[in-house]
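Asker: Here it is: the structure, laid out below.
The values are calculated or read from the model by the stated rules, or taken from the named source; none is laboratory data. If you're wondering where the values come from, they're calculated on a predicted model, not measured in any experiment. Quick reminder, even Gly has a Cβ in these numbers, built from the backbone with ideal geometry, and neighbours come from all protein chains shown. The area values use the complete protein model at the heavy-atom level, side chains included, leaving out ligands, DNA and RNA. Shrake-Rupley method; radii C 1.70, N 1.55, O 1.52, S 1.80 Å.
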Amino acid sequence: MTDTDGQKERQRRLTAWRRSGRVLVRASAETTIGERLASLAAGGGAVHDLGDWTDLYGDGVVGTVERRVAELLGTEAAAFFPTGTMAQQIALRCWAGRTGNPAVALHPLSHPEVHERGALSAVSGLRTVHPTSAPRLPTADEIRDFPEPFGTLMLELPLRDAGFVLPEWETLEGTVAAARERDAVVHLDGARLWECGPHFGRELAEIAGLADSVYVSFYKSLGGLSGAALAGPAELVDEARTWRHRYGGDVFQQHPAALSALLGLEQELPRLPAYVAHAKVVAGALAEGFEESAVPWFRVHPEPPHTHQFQVWLPYGEGVLNEASVRQAEETGTVLFRRWFTGPSTPPGVSFTEVTVAAEGLEWTTQDVRGAVAEFVERLG
């Protein structure tokens with residue numbers, strides 16, 4: 001497919017999604033620039049004084065976001081970053097300098113390994129090691145028995161590319177304790193930490209309190225424009241601010257992103273437990289719908305979901321599944337699935353999609369989901 005063809009397909013998808021009246025989540029990509037700006041201006045006054053001066057290099061509304069994150073996560077300090085990739089690379093770099101060990105233990109499906117083009121080694125000279133390759137986070141025994149020393153253990157909560165999976169709380173505590181026994185620090189990739197509370201039965205501060213530092217995203221679950229924060233001890237955050245400047249992340253003004261982050265913390269964060277609960281309903285109904293259909297095989301993973309996001313696997317090529325998905329949106333006004341992929345965790349001939357349940361999805365009943373599955377399967381030919 002050429003770049004032009006790819007752009008046409010993207011425009012077709014976005015148009016179909018935008019025109020559909022029934023969706024599980026309304027993605028930010030479906031809105032226009034004017035709509036996003038108007039929404040920000042209309043709602044921003046509820047979380048910050050819009051008569052305040054614009055921020056300059058991290059003061060004003062940006063500082064408000066940092067203080068709010070530190071309060072929510074129970075840390076001494078937090079620093080705003082333009083991207084989570086930058087925040088996390090800097091955190092791991094700082095810890096390597098403090099521990100004297102450039103080795104970072106993480107999962108091979110974690111974000112730095114899959115989505116950052118080898119940046120940890122190319123930019124910071126760090127080396128990664130993998131205590132496990134199972135589609136889950138490492139256990140305490142795997143950490144204790146790992147034959148190489150490492151300075152930092154990075155845990156992605158949830159592990160997105162394995163299916164947004166989380167360990168049980170006691171298992172997570174054991175893994176962290178095993179790292180401490182090895183004199184390693186623990187950093188949480190908490191891009192989606194916001195929705196982990198229901199699975200663990202714990203508040204955000206208690207989850208973050210397991211680790212020495214944590215990074216959180218403002219757009220993945222909270223609907224922000226962009227941006228992230230690194231939270232932890234004040235001394236570490238101060239050092240991270242220095243590296244943020246060196247990495248080119250000390251942005252002149254960031255008030256749109258910071259204001260949208262505050263709106264997400266105020267409006268979306270309290271709703272996430274409801275999304276998580278209803279994702280279990282949707283996942284169960286999807287399984288029922290496929291069980292009744294003509295598809296030869298399917299998998300809903302994990303079942304039940306650990307957060308408000310999960311995977312669906314089907315034994316078809318991604319092109320066939322993407323065409324069926326966009327046709328369903330165009331012809332029925334229902335978006336059940338968005339994009340399908342193949343990846344390192346899927347066998348040959350199998351594709352997967354990621355399902356997210358948000359505010360719009362709360363209106364879907366079990367029968368709605370099962371009916372939408374039947375409509376989708378019809379378009380598989």
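Asker: How long is the gain from T171 to R67 if the chain were fully straight, where each residue apart is worth 0.36 nm and the alpha carbon distance is subtracted?
Answerer: Difference between extended and current length: 34.4 nm.
Asker: Further, regarding this structure: Return a whole-number percent for the relative contact order of the chain, with Cα pairs under 8 Å and 6 or more residues apart as the contact set.
Answerer: After rounding, I find 21 percent.
Asker: For H130 and A103 in the same chain, what is the full-extension length gain: residue separation times 0.36 nm, less their Cα-Cα distance, in nm?
Answerer: Separation in residues times 0.36 nm, less the Cα-Cα distance, equals 8.7 nm.
Asker: What is the Å³ per residue value for the convex hull set by the Cα atoms of the stretch 1-99?
Answerer: 222 Å³
Asker: Direction-averaged shadow area of the convex hull around the Cα atoms of the stretch 54-124, nm²?
Answerer: The directionally averaged projection comes out at 6.1 nm².
Asker: Let me ask something else about it. What spacing in nm lies between the two simple spin-label points modelled at E203 and E291, each 7 Å away from Cα in the Cβ direction?
Answerer: Label at E203, label at E291, 3.9 nm between them.
Asker: Now for a separate question. Give, in nm to one decimal, the length gained when the segment between E181 and W53 is fully stretched (0.36 nm per residue of separation minus the Cα-Cα distance).
Answerer: 41.3 nm
Asker: Let me see the P(r) profile for the stretch 184-333: every Cα-Cα distance counted, bins of 5 Å, each bin given as a percent of all pairs.
Answerer: Each 5 Å bin holds this share of Cα pairs: 2, 8, 12, 15, 16, 13, 12, 9, 7, 4, 2, 0.
Asker: So what is the accessible area of the stretch 22-89 per residue, in Å², with the probe set to 1.4 Å?
Answerer: Spelled out: the 1.4 Å probe surface of the stretch 22-89, per residue, equals 49 Å².
Asker: At 1.4 Å probe radius, can you tell me the per residue accessible area of the stretch 246-314 in Å²?
Answerer: With all protein chains present, the stretch 246-314 gives 40 Å² per residue.
Asker: A further question on this structure: Can you say what percent of the DSSP beta bridges in the chain, counting only those with both residues inside, are antiparallel? Round to 5.
Answerer: So the antiparallel bridges amount to about 55 percent of the total.
Asker: Continuing with this model, one more query. Whole percent per 10 Å bin, from 0 to the bin with the longest distance: what is P(r) over all C-alpha pairs of the stretch 1-57?
Answerer: 18, 32, 27, 18, 5
Asker: If eta is 0.692 mPa s and T is 37 °C, what Stokes-Einstein diffusion coefficient results for the chain, Kirkwood Rh from Cα pairs, in µm²/s?
Answerer: 150 µm²/s
Asker: I'd like the carbon and sulfur percentage of the solvent accessible area for the stretch 66-190, probe radius 1.4 Å, heavy atoms only, ligands and nucleic acids excluded.
Answerer: Answer for the stretch 66-190 is 48 percent, counting heavy atoms of protein chains only.
Asker: Here's something else I'd like to know. Could you list the square roots of 5 times each eigenvalue of the Cα gyration tensor of the stretch 308-381, that is, the equivalent ellipsoid semi-axes, sorted largest first and rounded to whole Å?
Answerer: Over the Cα atoms of the stretch 308-381, the ellipsoid semi-axes are 21, 15, 10 Å.
Asker: For the stretch 256-381, what D do you get in µm² per second when you plug the Kirkwood radius from alpha-carbon pairs into Stokes-Einstein at 37 °C and 0.692 mPa s?
Answerer: Value of D from the Cα-based Kirkwood radius: 214 µm²/s.
Asker: Give the dimensionless ratio obtained when the Cα radius of gyration of the stretch 126-245 is divided by 2.2 N^0.38 Å.
Answerer: After normalising by residue count via 2.2 N^0.38 Å, the value is 1.07.
Asker: On each of the three principal axes of the Cα atoms of the stretch 167-227, give max minus min coordinate, whole Å, ordered largest first.
Answerer: 40, 23, 16
Asker: Something else about it: Which percent of Cα-Cα pairs in the stretch 237-311 sits in each 10 Å bin, short to long?
Answerer: Here the calculated profile for the stretch 237-311 is 16, 25, 21, 20, 14, 5.
Asker: Can you pull out the chymotrypsin sites (Phe, Trp or Tyr not before Pro) in the stretch 302-336 that DSSP calls coil and that have at most 14 other Cβ atoms within 10 Å?
Answerer: Of the chymotrypsin sites (Phe, Trp or Tyr not before Pro), not one in the loops of the stretch 302-336 has a Cβ with at most 14 other Cβ atoms within 10 Å.
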